[in-house]
Amino acid sequence: MLLDALVRPDRFFENRAPRPSLASAFGVVLVVALVTTAVFGFVGWSMSQRMTGTTKIDNPNRPDEVFCDGFAAGGAANFSTGCDRPEQKTVVIGDLIWEGFQKKIPFVFITVLLAWPLIAVGLHVASAVAGGEGSFSNTLAVAGWGMLPSLVQMLVGIGLFFLALRGADLSGSNPQVVLDQLQSLVATARGGTLFVSALGTAWQWVVWTFGLKHARRLSTAAAAAAAGAIAFLSFLPTLA
């Protein structure tokens, strides 16, 4: 069934017209969200393991300097307050990077889930302008199935990223130098990932086209125009 949706979308949606399964579409979106989140976390963890350099940061376990100065000035330096602890502590840069990634992981999952109805709204409006008929739930199902190509896109993209990561040296102790190297790494991989993103978007366009054709009772040309407009808008953020 999944293969049919990817490589034979016209037949796939024709066999399910005019109401493609919304429950199955939700399953697709859920899998895409889980895989996207896992890939994001794995990329962050892999990079953090290469960042073995250290740097100094403010010690969160030491009270504010004004508080400690007040104790010293009053002659009541109570070391139990933690003022005897060092102002800064040494940490591994990779640990800081991984901590930042961990905070963003839940938002990645939520963002993918929220993208589904937003895309569906766009497809529904665009297909309505083209003369489409049918309920929003039909369009929602089409939007969900159209996210399936992003799984293939992610697998190829992560492969390209790790090819670029393989020769990168991220073990420095200067955070700015490490950041510059990381940006250079991203720039190196960007050309390939942009190409993959373009192919992935084109693939989504095809799936959405035939989905709208059967779920919204449109001609192939009208469905392609409606789906193409949303596919183009969804591709624009990758150029930023």
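A single member of Glu133, Glu87 is over 16 Å from the mean Cα position of the chain (by Cα) and touching a residue at least 40 places away in the same chain (Cβ under 8 Å), and it is Glu133.
Among the conditions (1) among the aromatic types (Phe, Trp, Tyr); (2) over 30 Å from Phe210 (Cβ atoms); (3) at pLDDT 90 or above, the only one that Phe136 does not satisfy is (2).
None of Phe109, Phe162 is surrounded by 16 or more Cβ atoms within 10 Å (Cβ to Cβ), among the aromatic types (Phe, Trp, Tyr) and either part of a helix (DSSP H, G or I) or modelled with pLDDT of 95 or more (or both) except Phe109. From the list Thr188, Thr201, the lone residue that is surrounded by 13 or more Cβ atoms within 10 Å (Cβ to Cβ) and either modelled with pLDDT under 75 or of a type in the set (A, V, I, L, M) (or both) is Thr188.
The values are calculated or read from the model by the stated rules, or taken from the named source; none is laboratory data. What you are looking at is a predicted structure, and each value in this text was computed from that prediction instead of being measured. With ideal geometry, Cβ positions are generated from the backbone for all residues, glycine too; neighbour counts draw on all protein chains shown.
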